[in-house]
Amino acid sequence: MNFDFTEKQQRIADQAKQIAQKLDLEDVVQRDLAGTFSKPLFRQLINQGVGKWLLPKSMKGYDLNALELTAGIESLAEHCEDSGLIFALSAHLCACIHPIRAFASSEQQAQWLPKITNEAWIGTHAITEPQAGSDIYAMTTNAQKSEDGFVLNGHKDYITNAPVADFIVVHLRTEDRGNYFDYSTFILHSHEYGVSLAKAPHSKSGLRTTAMGDIHFNDCQVPEDALIGRLGAGAPIFQVSMEWERVCLFALYLGQMKRQLQKTAHYVSERQQFDAPLSSYQAVQHQLCDMYFNYETGRLLLYKAAWSLDKGDMSGVASSLAKISISNAAISNGQTAVQLHGAQGVISGDIERMLRDAMPSAIFSGTSNVLKNNISTALIKRLKAQWI
């Protein structure tokens, strides 16, 4: 068992570091307070090489697997204080670009991927509805077959990148038979007639520099070739997209926690209280140790989940364990970092922002409670089969 990065993983991590360090983040505090997403910074990330990460080799891309993408996103987040920007980018890569790469026809890939890469188009992945969050099979937004293709109607809520999106990957109900094959996946331009994107993003407590909003479909006509994969194949496409999102996207919290550890260790070593640095006190030492323990534990689970994903494991167990661990770690470490920084920890800046950015991690891509239910169900089946 080798825990070292491969040559390619290290090359991607180094590239990500160089790209992140070139970003001008002087206004990140102001953008966070205003809840503003930066399209120019997103374009810079794409144009500096990130746009090629998931592009097929036939299109001169890097065609990264899950382990390699995880290494890249972790490194970006470690060296970029704008976690909202990295979140928006990661959602774009995992839930928009990867489904096109994995399930779209060669004609669809040729139509969409060069344009998305060359013009740094932003994607949004639309699943959640007012009554369909954790219960995704309760979705009512639908696509009805027509002579010219499909007609889309309905409403998607709380969608990452929706207010700034150039294209949409959306999961819709195409049948009402009450089974796994009632759903299909479509790709379309955000400016199609009948598509209405929220003009103003939701105001959120965390990840404020990611734009989140709603999408309305009102008799939106799309052609046959807007369908990704076969009719009724939306559920497995959704499942794969969520697996990649729960694994690779959550690498941003690994990078954030590493940056947080570095800043906290420096602060407690420099901050003097009672004629001694904070780092000399056992209580502080234990808190710092706990932060590092949380980071390392989460990192092991996440990279194992990425390895499992590359092996074809779609059970959701490894990804769910990793997501729960990372969520708990990011929130706990955020609280500890704020506590150790004292007054400096609650003043607007990277330390308090990291705690706010961590809070949604236990909710999106499947809430921790729902994932625990899924793990328990799978665990019981495995125990009965004497698989464990």
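Tabulated data
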read-out: For LEU302, net neighbour charge (Lys/Arg +1, Asp/Glu -1) across residues whose Cβ lies under 12 Å away; value: +2
read-out: Span from the region 323-337 Cα centroid across to the region 359-376 one, whole angstrom; value: 14 Å
read-out: Note, ³J(HN,Hα) from phi for region 257-269, Karplus 6.51, -1.76, 1.60, rounded to Hz, x at Gly and Pro; value: 5, 5, 4, 4, 4, 4, 5, 5, 4, 5, 5, 5, 7
read-out: Over the chain, relative contact order from alpha-carbon pairs under 8 Å, at least 6 apart, %; value: 17 percent
read-out: Rounded accessible area of TYR180 (nearest 10 Å², 1.4 Å probe); value: 80 Å²
read-out: Per-selection Rg to Rh, region 227-319 - Cα, Kirkwood hydrodynamic radius; value: 1.25
read-out: Largest-first ordering by accessible area, 1.4 Å probe, given options HIS79, HIS191; value: HIS191, HIS79
read-out: Mean separation of Cα contacts under 8 Å (6+ apart) over length of region 50-97, as relative contact order %; value: 24 percent
read-out: Region 47-139: trypsin sites (Lys or Arg not before Pro) falling in loop per DSSP and having at most 14 other Cβ within 10 Å; value: LYS60
read-out: Percentage relative contact order, region 196-344, counting C-alpha pairs under 8 Å, at least six apart; value: 25 percent
read-out: Positive-end residue of GLN335, ALA322, TYR267, charge dipole of region 259-362 with Cβ unit charges; value: ALA322
read-out: Kirkwood-type radius of region 276-329, with distances r between different C-alpha atoms, in Å; value: 12.5 Å
read-out: Dipole in debye (nearest 20) - the chain, about Cα centre, beta carbon charges: Lys, Arg +1; Asp, Glu -1; value: 700 debye
read-out: Protein-only accessible surface order, largest first, of LYS381, LYS145 at 1.4 Å; value: LYS381, LYS145
read-out: Antiparallel bridge percentage (DSSP; both residues within region 102-190; nearest 5); value: 70 percent
read-out: Area of GLU7 that stays accessible when all protein chains are in place (1.4 Å probe, Å², to 10); value: 150 Å²
read-out: Summed side-chain charge close to GLN21 - residues other than GLN21 whose Cβ falls under 13 Å, Lys, Arg +1, Asp, Glu -1; value: -2
read-out: Total formal charge among the other residues, if their Cβ is under 10 angstrom from that of ALA322, Lys/Arg +1 and Asp/Glu -1; value: +4
read-out: Dipole of the chain [Lys/Arg +1, Asp/Glu -1 at C-beta], most positive-end residue of TRP387, THR36, SER308; value: TRP387
read-out: Protein accessible area in the chain, 1.4 Å probe - carbon and sulfur %; value: 52 percent
read-out: Residues of region 192-266: accessible area per residue with a 1.4 Å probe, Å²; value: 38 Å²
read-out: Virtual spin-label span in nm between ILE363 and ALA378, 7 Å along Cα→Cβ; value: 2.5 nm
read-out: Calculated log₁₀ intensity ratio I(q)/I(0) where the Debye formula runs over C-alpha points of region 1-138, q = 0.14, 0.16 Å⁻¹; value: -0.71, -0.90
read-out: CD proxy at 222 nm, helix term only [per DSSP H run n ≥ 4: -39500 (n - 2.57); per residue of the chain; nearest 500]; value: -15500 deg cm²/dmol
read-out: Under-5 Å amide H pairs with ARG271, H placed in peptide plane, nonlocal only; value: LEU278
read-out: Solvent accessible area, Å² - LEU288, 1.4 Å probe, full protein context; value: 50 Å²
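The values are calculated or read from the model by the stated rules, or taken from the named source; none is laboratory data. From a predicted model like this one, the values you see are computed outputs, not experimental measurements. Cβ: placed from backbone, ideal geometry, glycine included. Neighbour counts: every protein chain shown. We work out accessible area using only protein heavy atoms, side chains counted, and drop any ligands, DNA or RNA first. Shrake-Rupley method; radii C 1.70, N 1.55, O 1.52, S 1.80 Å.
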